[in-house]
1. Considering every residue within the range 314-336, establish whether at least one is within 16 Å of ligand 2 (Cβ to nearest atom), β-branched (Val, Ile, Thr) and within 28 Å of GLU410 (Cα to Cα).
2. Here are some conditions: (1) among the hydroxyl-bearing types (Ser, Thr, Tyr); (2) at pLDDT below 95; (3) surrounded by fewer than 17 Cβ atoms within 10 Å (Cβ to Cβ). THR318 meets all but one. Which one does it not meet?
3. Could you tell me whether ALA148 is buried (at least 17 other Cβ atoms within 10 Å of the Cβ) and under 30 Å from GLU35 (Cβ atoms)?
4. For the range 204-250, how many residues are out of contact with any Leu (no Cβ under 6 Å at 6 or more places or on another chain), within 12 Å of ligand 1 (Cβ to nearest atom), in a loop (DSSP other than H, G, I, E, B) and within 30 Å of HIS436 (Cβ to Cβ)?
5. Quick check: is even one residue across the range 184-207 under 24 Å from HIS652 (Cβ atoms), surrounded by 15 or more Cβ atoms within 10 Å (Cβ to Cβ) and within 16 Å of ligand 3 (Cβ to nearest atom)?
6. Please specify each residue of the range 1-26 satisfying the condition of being at pLDDT 95 or above and either assigned to a loop (DSSP other than H, G, I, E, B) or within 14 Å of ligand 3 (Cβ to nearest atom) (or both).
7. If I ask for residues that are assigned to a helix (DSSP H, G or I) and either away from ligand 1 (no atom under 16 Å from the Cβ) or of a type in the set (Asp, Glu) (or both), which ones from the range 361-372 would you list?
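The values are calculated or read from the model by the stated rules, or taken from the named source; none is laboratory data. Source: prediction; values computed, not measured. We place every Cβ from the backbone using ideal geometry, glycine too, and count neighbours over all the protein chains shown.
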Amino acid sequence: MASLAPTFGRGAMTNHWVDIKNANVIVVMGGNAAEAHPCGFKWVTEAKAHNHAQFIVIDPRFTRSAAVADLYAPIRTGTDITFLGGVINYLLSHGKIQHQYVKAYTNATLIVNEGYKFEDGLFSGYDEAGRTYDKSSWSYELGPDGYALVDETLQHPRCVLSLMKQHYSRYTPEMVHNICGTPKELFLKICDILAGTSVPNRTTTFLYALGWTQHSVGSQIIRAAALVQLLLGNIGMAGGGVNALRGHSNIQGLTDLGLLSNLLPGYLTLPNEKETDYQAYLAKRTLKPLRPNQFNYWSNYPKFHVSLMKSWWGDMATKENNWCFDWLPKLDVEYDIMRQFELMGQGKMHGYFCQGFNPLAAIPNKAKLIKGLSQLKYLVVIDPLATETSCFWENHGEYNDVDPSKIQTEVIRLPSTCFAEEDGSLTNSGRWLQWHWKGAEPPGDAKPDAEIMAGIFLTLRELYRKEGGAFPDPILNLSWGYRQPHSPAPVELAKEYNGKALADLSDPKDPTKVILMKGQQLDGFAQLKDDGTTACGCWLFSGSYTEKGNMMARRDNSDPSGLGNTLNWAFSWPANRRIMYNRASCNPEGIPWDPNRRVIWWDGAKWTGVDVPDFKIDSAPAEGMNPFIMQPEGVGRLFALDKMAEGPFPEHYEPFETPIDTNPLHPKVISNPAARVFKDDWEMFGKSKQYPYAATTYRLTEHFHFWTKHTRLASIMQPEQFVEISPELASEKGVKAGDQVKVWSSRGFIKAVAVVTKRIRPLQVNGKTVHHVGIPLHWGFKGVAKSGYLANILTPFVGDANSQTPEFKSFLVNIEKA
Ligand SMILES: Nc1nc2c(c(=O)[nH]1)N[C@H]1C(S)=C(S)[C@@H](COP(=O)(O)OP(=O)(O)OC[C@H]3O[C@@H](n4cnc5c(=O)[nH]c(N)nc54)[C@H](O)[C@@H]3O)O[C@H]1N2
Ligand SMILES: Nc1nc2c(c(=O)[nH]1)N[C@H]1C(S)=C(S)[C@@H](COP(=O)(O)OP(=O)(O)OC[C@H]3O[C@@H](n4cnc5c(=O)[nH]c(N)nc54)[C@H](O)[C@@H]3O)O[C@H]1N2
Ligand SMILES: [Mo]
């Protein structure tokens with residue numbers, strides 16, 4: 001079994017870093033960009049300086065982002081859906097929405113199935129035993145022609161807008177104050193500022209990161225923001241969007257290339273174990289249009305998939321053998337990180353590969369992780385550093401109190417280079433693939449990751465060749481045409497992702513004209529074919545390395561429009577587009593909503609502009625094609641249909657460890673009813689009686705996770721583990737600034753220095769005072785910094801119901817002077 005590097009936040013920016021400067025209102029909520037994204041944060045400063053943008057920060061802590069904000073609002077951790085639900089209610093009940101946009105570009109007018117219901121905290125179709133939903137009623141009512149029914153008057157009680165109004169009417173300003181602890185006047189002031197961007201020529205941008213994703217309802221928080229932005233008409237606009245500020249420098253590339261157990265490159269998906277029929281697999285993913293005249297982008301799925309199979313298995317992939325579909329693994333369940341450790345603990349996973357990943361430090365409930373790692377037969381760690389994970393078996397006193405003589409796991413460490421020691425591309429949050437060049441020789445025996453992986457692959461293949469095995473075909477036949485098989489060059493890999501022609505390709509409009517010759521690099525994914533004449537390792541990256549050369553290495557920053565869409569700087573997926581859904585920046589007639597920030601427009605014959613149009617280039621506005629071409633109905637979804645695990649509308653559920661022991665909206669359903677919890681972890685959830693304080697974990701500018709404690713300078717800047725509490729809690733507990741404190745949850749304890757600070761304030765929630773304890777996450781027992789306790793000794797083993805991102809941001813602890 002192999003592990004996969006983690007990706008704790010998902011999605012990408014719909015817009016991009018530079019575009020933040022175009023916003024009128026910037027909301028940093030569920031993130032702390034000034035500290036975690038200090039370089040990108042300069043665009044917030046630009047927007048304030050040159051665009052008079054208003055900057056709002058909503059965070060349980062008064063952060064360095066908050067310090068430069070025009071408005072800061074405190075919020076209890078884990079309650080952002082209530083806050084945003086309150087904003088939605090405000091916008092709808094005050095008529096502060098971009099009416100024309102909402103009507104034309106969202107599913108507001110579409111009629112929902114009669115069976116759909118929401119009652120007492122549950123949506124229709126709930127199966128309590130399985131903790132899952134039968135989602136069949138979360139659907140549109142279809143007409144005899146198979147298209148969804150619409151009510152252009154928006155009066156139908158089951159049109160999406162009516163249901164939405166009804167759903168969010170419970171999220172009153174009083175309810176927001178009661179659940180979030182945010183002062184009502186402050187909340188209303190923020191609603192008013194956001195409402196000011198419902199006009200066509202003003203935009204809000206939302207910047208978020210882990211303060212939203214690391215919750216058992218993380219994905220639904222992000223959806224709630226998307227609903228706000230659709231109502232305000234801010235998706236597709238310059239200075240708008242919902243923007244995930246991502247983590248590691250190439251974590252975006254990791255998700256794009258499909259390094260999650262259920263994904264293939266370019267967000268194609270692996271078949272599950274019941275999907276053994278290729279045509280059925282394709283049919284399920286090649287969606288049927290839900291409204292007339294829609295583009296329905298995923299009708300291209302077969303082209304992307306066949307080209308991927310050709311890239312992997314070359315001539316072996318033929319039409320007759322379904323392009324080697326049978327060689328793809330078929331999933332029984334998804335192997336997210338928490339499941340991997342659960343399986344290790346059960347003794348069902350015997351080997352583990354950890355590449356650029358330090359799970360002992362990064363995953364919740366250290367005790368459970370140690371138990372899992374100790375039961376492995378072997379653990380392979382590919383990393384430039386000696387990490388906590390690779391040294392999990394070492395005794396480090398109070399910081400890692402294990403008995404090495406009882407641990408039999410064989411640990412193999414393979415030293416790798418880091419990014420600066422090789423060529424390659426990094427994909428940033430704004431979807432830009434930027435090439436970089438090797439800056440130094442690697443020290444000692446360190447080898448590039450590609451060389452290490454190639455070595456493992458070639459050795460395995462040799463073993464299969466000699467000894468056979470249960471199913472050698474996919475490994476024996478994998479295309480491996482690199483010039484030096486033991487060391488594929490970054491450029492070779494980049495070209496493979498871009499894709500090439502496997503036969504001469506002719507112009508679809510003029511079959512006599514050859515546009516690409518056999519062997520040439522593709523210009524982009526529009527040239528992909530489902531007949532085996534193209535190969536492409538990742539359709540989203542197609543266009544990044546063409547016959548013209550390495551597009552990722554381009555460094556022309558000219559910006560004729562002044563909007564920052566620098567089309568000749570690097571390559572932006574998809575198709576070098578800088579702002580996704582940019583068709584929605586124009587009204588249905590093709591005229592930009594905002595004449596001062598024109599992104600694309602219809603020139604009478606085609607779509608043109610200062611960005612690559614996110615639309616069929618020759619589809620005239622009169623044809624009625626809608627802007628959200630990735631959806632089979634062509635519009636943005638206020639009602640998500642069956643896409644989410646816990647409901648088609650975001651609903652507030654408390655964290656699994658809640659300081660108020662109830663859900664004021666529906667006391668019978670307190671926490672996410674569709675979140676997965678492993679059997680033994682239920683009893684590990686703490687209750688507020690023993691653990692009264694809401695804890696959250698976060699990063700500091702001076703450290704990068706668990707690696708910079710290996711460097712002396714960073715360790716001098718932030719030398720020692722600390723936790724942050726308010727003066728009020730400190731005085732209740734008799735703690736003074738600088739005292740050692742013990743912080744414990746139902747899973748263990750840490751000790752650290754107390755920082756007593758007004759940056760954290762007590763909040764009044766549901767009739768009681770809720771205190772927060774803030775816990776930076778950077779310490780551990782390896783490196784040159786003073787040793788510390790891993791923060792994840794404390795955190796609970798439960799994650800978001802859709803992505804399984806752990807609930808690192810809200811859990812319960814107790815605290816006392818040590
Ligand atoms: N210096 C530095 N920069 C980094 C990293 C690093 O380790 N060091 N790591 C990188 C990585 S991998 C990532 S993923 C990003 C993460 O980037 P961020 O998510 O911005 O970083 P965090 O510090 O984890 O958390 C952000 C904020 O969320 C707040 N918060 C906690 N709970 C809630 C909540 O329920 N609601 C709201 N509204 N806010 C909440 C916290 O108080 C914190 O201020 O940073 C990247 N950048
Ligand atoms: N409580 C709590 N826990 C958290 C979080 C939180 O907010 N709170 N945040 C979570 C998040 S968002 C993240 S991203 C994770 C981070 O968790 P990890 O990604 O496990 O943490 P890092 O320390 O960044 O580990 C990356 C490792 O990659 C190595 N490395 C660097 N370059 C290379 C390379 O080129 N090749 C190889 N093979 N290795 C390389 C580094 O030396 C380092 O050991 O932590 C998660 N855990
Ligand atoms: Mo991250």
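1. Here is the first cut: in the range 314-336, the ones within 16 Å of ligand 2 (Cβ to nearest atom) are 336.
Filter once more, keeping what is β-branched (Val, Ile, Thr): none.
Checked the range 314-336: no residue is within 16 Å of ligand 2 (Cβ to nearest atom), β-branched (Val, Ile, Thr) and within 28 Å of GLU410 (Cα to Cα).
2. Failing condition for THR318: (2).
3. no
4. Residues that pass the stated criteria total 4.
5. For the range 184-207, residues under 24 Å from HIS652 (Cβ atoms), surrounded by 15 or more Cβ atoms within 10 Å (Cβ to Cβ) and within 16 Å of ligand 3 (Cβ to nearest atom): present.
6. THR14, ASN15, HIS16, TRP17, ALA23, ASN24
7. To start, the set of residues in the range 361-372 that are assigned to a helix (DSSP H, G or I) comprises 361-362, 366-372.
Listed by number, the residues that qualify are LYS366, ALA367, LYS368, LEU369, ILE370, LYS371, GLY372.
Residues checked against (1) within 16 Å of ligand 3 (Cβ to nearest atom); (2) closer than 20 Å to ILE56 by Cβ; (3) touching a Ser or Thr at 6+ places or on another chain (Cβ under 7 Å); (4) among the hydroxyl-bearing types (Ser, Thr, Tyr):
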site	(1), (2), (3), (4)
VAL150	no, no, yes, no
LYS165	no, no, no, no
ASN178	no, no, no, no
GLY218	yes, no, yes, no
ILE235	no, yes, yes, no
